[in-house]
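Asks: Below you'll find the structure I mean.
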Amino acid sequence: MAGKSGRTISNVPVSPIKKMLFGWEGVLVLLLIGVNIFCKWFSEYYNTFNLLRQMPVYLAEVFLMLMMAYILVLGEIDISVGSIVCLSATMACIVTNAGAPFPVVILTALAVGTVCGMINGLILTRFPELPPMIVTLATQIIFRGIAEIVLG
């Protein structure tokens, strides 16, 4: 019910600063500050500078987690992601050992991952009666097997 002003809680303007401070980003920043100040066990190794310095190392894993979260939010599941990454990395290594330039290596890995994802997607859309978990389990085994065959 709107009051005399005709404004409801859903259309009250909120400043971007308030959105950031009270959103997940603000909670994360406050949590890091609190841990740095109040935790005695937060040693020299586990300080914020070292954690931020190690972020690029885990960037690929974070990207995969975000994509998997997107799939899970849609109500589906794909357990073949690890095998697709393995097969893509295997093909990238083979292309690298063949002496290909770096952009070709990246494009090869992306192409292999895209083709594997398209195979999963085509199977699931052509045969909607098949459970996604069973299909992706089968393709996980197939993709991992292809990677092992290619590696010898």
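Asks: For a footprinting-style exposure proxy, rank Val73, Val115 by other Cβ within 10 Å, fewest first.
Replies: Ranking Val73, Val115 by Cβ neighbours within 10 Å, fewest first, gives Val73, Val115.
Asks: Would you mind ranking Thr136, Thr114 so that the residue whose beta carbon has the fewest other beta carbons within 10 Å leads the list?
Replies: The most exposed by this proxy come first: Thr114, Thr136.
Asks: Still on this structure, please answer the following. Quick check: from the Cα gyration tensor, does region 30-143 come out rounded (a/c under 1.5), prolate or oblate?
Replies: Since a/c reaches 1.5 but b/c is at least a/b, the shape of region 30-143 is classed as oblate.
Asks: Please get the size of the charge dipole for region 31-152, origin at its Cα centre, with Cβ charges of +1 on Lys and Arg and -1 on Asp and Glu, quoted in debye to the nearest 20.
Replies: Rounded to the nearest 20 debye, it is 180 debye.
Values in this text are rule-based calculations from the coordinates and carry no lab data. Note that the coordinates shown come from a computational prediction; the quantities given were computed from them, not determined experimentally. A quick note on method: Cβ atoms are made from the backbone with ideal geometry, for glycine too, and the neighbour counts reach across all protein chains shown.
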